[in-house]
Structure formats: structure tokens, C-alpha cells
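Chemist: Structure below; questions to follow.
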Number of protein chains: 2
Amino acid sequence: MTGEPRIGDVFGELLRDVLAVQTGIGPRPMAGGRLPRPVIEIIERDDGLINGAPAAHYLAGPAEWQPYDHRAVDRVRGETLDIGVGAGRIALLLQERGVPVTGLDTSLGALKVCRRRGVRDLVHGTIDEHVADGRRYDTFLLLGNNLGLIEGRDRASAFLAALAALARPGAQVIAHGTDPYGTTDPVHTGYHELNRRRGRLGGQLRLRLRYRELGTGWFDYLVCSVAELADLVRGTPWRLADVDDRDAPYYLATLTLAG
Amino acid sequence: MTGEPRIGDVFGELLRDVLAVQTGIGPRPMAGGRLPRPVIEIIERDDGLINGAPAAHYLAGPAEWQPYDHRAVDRVRGETLDIGVGAGRIALLLQERGVPVTGLDTSLGALKVCRRRGVRDLVHGTIDEHVADGRRYDTFLLLGNNLGLIEGRDRASAFLAALAALARPGAQVIAHGTDPYGTTDPVHTGYHELNRRRGRLGGQLRLRLRYRELGTGWFDYLVCSVAELADLVRGTPWRLADVDDRDAPYYLATLTLAG
């Protein structure tokens, strides 16, 4: 036996269990079938690094959010697409505020959790697939570090082109990113070096998620500096209009449609 | 890149970080170098199952223990060997009570944490290696589910023989186990079936631990029913004198030297 996971909807299963813990409804994770245990998200990096983190934050209410999340939602205007809606924490607040918000996710399990929590407008798929649906937006949200979804040099231009195709005139993107280069931890600086040697951006993480018997395939997730982001945006229909780095190394990047 | 970890002292690194979080001394795990995050122990099973669990319990004081731990320490008498001493939570209470206790562990990092927390008598190695040291004991503790260290049919008799070689007349073993067969979760019942097909005990887990960039090799860890334990003890110098299953599926097994 190799210890390899079965490919499946890791994120959906994880969020279903977090919801069960939070509501007390449905089967919950137990140790020895008896003692409740927290839901832990496990992330593997392709150099062998592994990290576990409690997953409850995906369902956290605004009172528990980081300050940049509040500043991000305060920037929202008009028809809004929440990309990687997850368990819907951001979408639920926007709904409450009367913002017309659509939640997009590739995880069917995540959408099910959103539905049960009251998010009304949900779309399954990628942004590329969503272009054909004919819906158009004024604001695109990439929160919860989801600037990472631009993956790297290759994917970034196609990703930003798809957003432009979904955009109304004057549209904006509000993206949460993290500058990865402040660390002196050799586990991370060594990985950044390795990435550059293989022609990738330093913080272009190759990851997979695991939960219980399930794993995702390996995928790229970009953690980049503001300078790298500015480079990636150049030549796309977007321009980097504002960077809020009051909570460095985290930042909120605002892109607006150029021209 | 394969995502394979580097072999190292997983448990020691983990406990060092838990101690740093608890005391506020030394580098602590952070998200984005900024937000503290809990230390999570990750356990992989050879069928691809993975679990993360907060590791703080290794340093928990008696007030946070499960009831069976208290009943276990109340059974201690005489010169005591705490096998798999971990971060020393049990040994520290015994010291306080004036019990002469020795902590044994294969993890150098764990012993370092024990030392810093005040455990006085510590030995690095396996029980087999410790036989040659000439020390002899009245009580052997296998707490924190450490009955698992008997691994399975092959190792159990050698393990119990080594304990007998370390034993004074009238010695006892107090072991904490878990009956694995109460579950109906197919992820577990399927694994038990698979194990039996490959000639192993149903709950003979093949595991490795991971923490950050480190992993252990794969090892066997036995989760067995009381009936299976009784079978494994038969023909050894020990007899199964008592089973306390008041907190089923967890149980405390007491073995005494036969004859």
C-alpha cells in the first residue's frame, strides 16, 4: 500500500463536517467514536512539507474575521461574483447588506454547504466556464488568499482575460494575497529557490489538499509579492489600481478595467 | 517532486513547538509569519487515510485529562517506567506524588521537552535496549494509547518478553488501549477487512507521522480488542489480570507477571 489518497471533493467533505460540528446536525468527526474532534484541513506541498490547520475559520462570522476582510467587503459595489465562495461567509454578509452576490465554486460540496447556510445565488464551475452563462459583474472577489487561483505566469493572463469577459464597464477585482518573501525559514526560502531554478515564481506553490481518505490532484497556487502581481497584470485588460498592505504580509490588491 | 517527507524526529519537533506555544519561549508556528497557529499532529495510514489533530493534549495538565488516565496513575506502585513518555505529562504527576518514575522514549526531541518541563529521570531508546541498562521496575505504563506499541502478533511476544526482563517480582503493566471494532464507518471497517486479508489483526494500523517537512518511516501500531489482547498475552510471562472498560471503547488493561 502506498498511502495515496482517493481523488475526491476534499474541500466539500471538509466544509460539510465543519458545518456539522457548528450546527450539531449530522455525523461529526469523533476520536474513537466518542470524543468530538476539530476538523483539520491538511495541505501538502510537493517538496514534502505538510501543514494542518483548523478549518472552522471557513464558517467564521464577521466578528472573528481579520481586519483586511472587513476592508475588502467595504470596497464592494454592484453585481458581485465571489470566486471560490467556500462556505459562503463573505457572500452571506454581502447578502445581508443587500449586495447582489453570486457565489462560484468548483466544489459541489462547498455549494451544498453555502445553500444550507442561506446563500441564494450559486454557480458550479470555473470562471472560464461561467463566461458562457452570460452573467456580468461589477466586482470580483478573490478573498481568503484566493489571489492564489491565478496559479502562476501561464494561468494568470487567461484567468484575468476570463474575468474581463465577465466584467461590466468599470469593473474591479478585489484580491487578498500574501507576500511570501518576508520569511527566513529555510523550509520556505529553500522552496522559493527551488521554484526559481525550475522556472516558476518563488511562491508558486504546488499543493494538494487532503481530508480523511480523499485527496485533490496536485495544483498550482500562487503566493506572490505585490511587485510580481504588478508584472502579471501588465498586458492584461486590468491595471493594479490600489494596494492596501496595512496588515502586511497580507495585502488587498484592487484591479480595475484598463481603458 | 514526489511530496515525500524527509525522515526525522517528527514527534520531537512537534512537542518542541507545542512547548513553545505553551510557554511563549522560542519560535512558534505562525501563518504568514504573523498569526499564531496551533500545532497539529498529522497521521497517515497506509490506505491513504490522513488525520490531523491538535497536539496540545500532550502537554495537558491533569485537570484536562480523560478519566481513564487518572485511574491509570492511581494504580501505579513502586519503581515505574513510563514507556513512550512523550512530553512527560504522566511522569510529572507521578514525580509530584513521590513515585520514582523513569521516562523512556525513542525521540530525543521528546526527551529534551521532558527535561525542560522538569522530568528528572529519562532514558533514550527502546525497551529492548533498556534491558541491558540493568534497571528493574514494579510498574510499566503504556498510556496515551501506547498499548499500540506492541504492534501486532510478531512483535507482541518480544515486547512482553522485554518487559518481563525489566520486571521485578510482582510487577504490573498498565496499558491504555482502544477497541477499534465498534465503528460502522466504512473507511475503518474496510481497512479492518483489508488487514485480515493480508494476515494482520484488523486494527493493526500501518502508520507514519508527519510534521512540517519531516516524516517517520512506516510503522505498525496496534489498536485491538480486549479479546485480541488476551490472545496476544497468552504464552508470555504475563497474564491479563484486569480490564477497566468504564470509558469504552477505551480501556485500561492490567497485566501481572504470571507465576
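Chemist: Which value in nm describes the separation of the simple spin-label points at residue A:226 and residue A:37, placed 7 Å from the Cα toward the beta carbon?
Modeler: About 4.2 nm separates the two model spin labels.
Chemist: At 7 Å along the Cα-to-beta-carbon direction for both residue B:157 and residue A:197, put a label point, then send me their distance in nm to one decimal.
Modeler: Here the answer is 5.0 nm between the modelled labels.
Chemist: A follow-up question, please. May I ask you to report, in nm to one decimal and beginning with the shortest, the distances from residue A:183 to the same position in the other copies, taking label points 7 Å along Cα-to-Cβ?
Modeler: 3.1
Chemist: Indicate, rounded to the nearest 5 percent, the antiparallel portion of the DSSP beta bridges found entirely in the protein assembly as shown.
Modeler: Roughly 65 percent of the beta bridges in the protein assembly as shown run antiparallel, per DSSP.
Chemist: Considering the rotation that carries chain A onto chain B, locate the chain A residue whose Cβ comes closest to its axis and report the distance in whole Å.
Modeler: Nearest to the symmetry axis by Cβ: A:52, 2.
Chemist: Can you compute the helix-only [θ] at 222 nm over the protein assembly as shown? Use -39500 (n - 2.57) per DSSP H run of at least 4 residues, normalise by all residues, nearest 500 deg cm²/dmol. Write out the running numbers ahead of the final one.
Modeler: Details: 16 runs with 156 residues, N = 518.
One gets -9000 deg cm²/dmol as the mean residue ellipticity at 222 nm.
Chemist: For B:39-49, what's the mean count of beta carbons from other chains sitting within 10 Å of each residue's beta carbon?
Modeler: Mean shielding count: 5.
Chemist: Turning to a different aspect of this structure: What is the magnitude of the charge dipole of chain B about its Cα centre, with +1 placed on the Cβ of each Lys and Arg, -1 on the Cβ of each Asp and Glu, and no other charges, expressed in debye to the nearest 20?
Modeler: 500 debye
Chemist: Using a 1.4 Å probe over the heavy atoms of the protein chains, calculate the carbon and sulfur portion of the accessible area of region A:86-218 as a whole percent.
Modeler: Carbon with sulfur: 51 percent of the solvent-accessible area.
Chemist: Something else now. Quick one: label points 7 angstrom along Cα→Cβ at residue B:100, distances to the other copies in nm, smallest first?
Modeler: Those label-point separations list as 8.2 nm.
Chemist: Mind checking A:211-219 for the average number of partner chain beta-carbons within 10 Å of each residue's beta-carbon?
Modeler: 3
Chemist: If you take the accessible area of B alone, add that of A alone, and subtract the area of the pair, what total do you get in Å², probe 1.4 Å, to the nearest 100?
Modeler: Interface between B and A: roughly 3200 Å².
Chemist: Related question: Could you please state, rounded to a whole Å, how far the C-alpha centre of region B:220-243 is from the C-alpha centre of region A:12-65?
Modeler: 35 Å
Chemist: Further question on the same structure: Highest mean first, how do A:136-143, B:157-164, A:180-187 rank when packing is the count of other Cβ atoms within 10 Å averaged over residues?
Modeler: So the peptides A:136-143, B:157-164, A:180-187, ranked by packing, come out A:136-143, B:157-164, A:180-187.
Chemist: So, one more: Taking a ≥ b ≥ c as the square roots of the Cα gyration tensor eigenvalues, with a/c under 1.5 meaning rounded and otherwise prolate when a/b beats b/c, else oblate, which class fits chain B?
Modeler: oblate
Chemist: Once the label point is placed 7 Å from Cα along Cβ, list for residue A:230 the distances to the corresponding points in the other copies, in nm, shortest first.
Modeler: 7.5
Chemist: Taking every residue in A:2-10, how many Cβ atoms of other protein chains lie within 10 Å of its Cβ, on average?
Modeler: Average per residue, whole number: 3.
Chemist: With a 1.4 Å probe and every protein chain left in place, work out the accessible area per residue of region B:1-142 in Å², rounded to a whole number.
Modeler: So region B:1-142 comes to 44 Å² accessible per residue, rounded to a whole number.
Chemist: So what's the projected area for the protein assembly as shown, the Cα convex hull averaged over all directions, in nm²?
Modeler: Projected over every direction and averaged, the Cα hull of the protein assembly as shown covers 25.4 nm².
Chemist: Follow-up question, since we're still on this one. Residue A:60 to residue A:20: FRET efficiency via 1/(1 + (r/R0)^6), r the Cβ-Cβ distance, R0 22 Å, to the nearest 0.05? Provide the component values of the computation, followed by the final result.
Modeler: On the way: r = 16 Å, r/R0 = 0.73.
Once the sixth-power term is evaluated, E becomes 0.85.
Chemist: Starting from the 7 Å offset along Cα-to-Cβ, what nm value, one decimal, do you get for the label separation of residue B:248 and residue A:115?
Modeler: Once both label points are built, they end up 4.0 nm from each other.
Chemist: Between residue B:102 and residues 5 or more places away or on another chain, which pairs have amide H atoms under 5 Å apart, with H built 1.01 Å from N, and which residues are they?
Modeler: B:80, B:81, B:82
The values are calculated or read from the model by the stated rules, or taken from the named source; none is laboratory data. Values in this document were obtained by computation on a predicted structure and should not be read as measured data. Note: ideal-geometry Cβ built from the backbone for every residue, glycine included; neighbour counts use all protein chains shown. These accessible areas exclude ligands, DNA and RNA; they are computed on the full protein's heavy atoms, side chains included. Shrake-Rupley method; radii C 1.70, N 1.55, O 1.52, S 1.80 Å.
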